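Beneath this line is the structure, given in structure tokens, with notes to follow.
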Amino acid sequence: MKMSDKTLGALIFIASLLIAVGYVYWLFFPPPQGIPDWLFFSVPGGTRWAIIVPVLAAVILILFIAMWIGWTMATTPPPTILEEEEEKEE
């Protein structure tokens, strides 16, 4: 069973959006009880924002590009075959 380009594009878009939302939540909200702080970028010395902002910007940029590719794949009509166009002209 072959997946259509629109379906694949929609899945890429949705996956990128969910990852972006999850990543923002992971960075800006406190870790749940029982999970080590090191998993949530707790850097000693107050340099936490110096790490979070560039990493967040890079991740969001990469995921935005993936969402754009998925959206383009999902909304672009399939290409037409040249033989069909020639038959329509005649």
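Since every read-out is calculated from the coordinates, none of them should be taken as a lab result. The structure displayed is predicted, hence computed values, not measured ones. For neighbour counting, all protein chains shown are included, and Cβ atoms are generated from backbone atoms with ideal geometry for every residue, glycine included.
What to note about this one:
- HN-Hα J in Hz across segment 11-16 - Karplus 6.51, -1.76, 1.60, θ = phi - 60°, x for Gly and Pro: 5, 4, 4, 5, 4, 5
- Extension gain (nm, one decimal) between residue 76 and residue 59, 0.36 nm per residue minus Cα-Cα: 3.6 nm
- Inter-site label distance for residue 29 and residue 17 at 7 Å from Cα along Cβ, in nm: 1.8 nm
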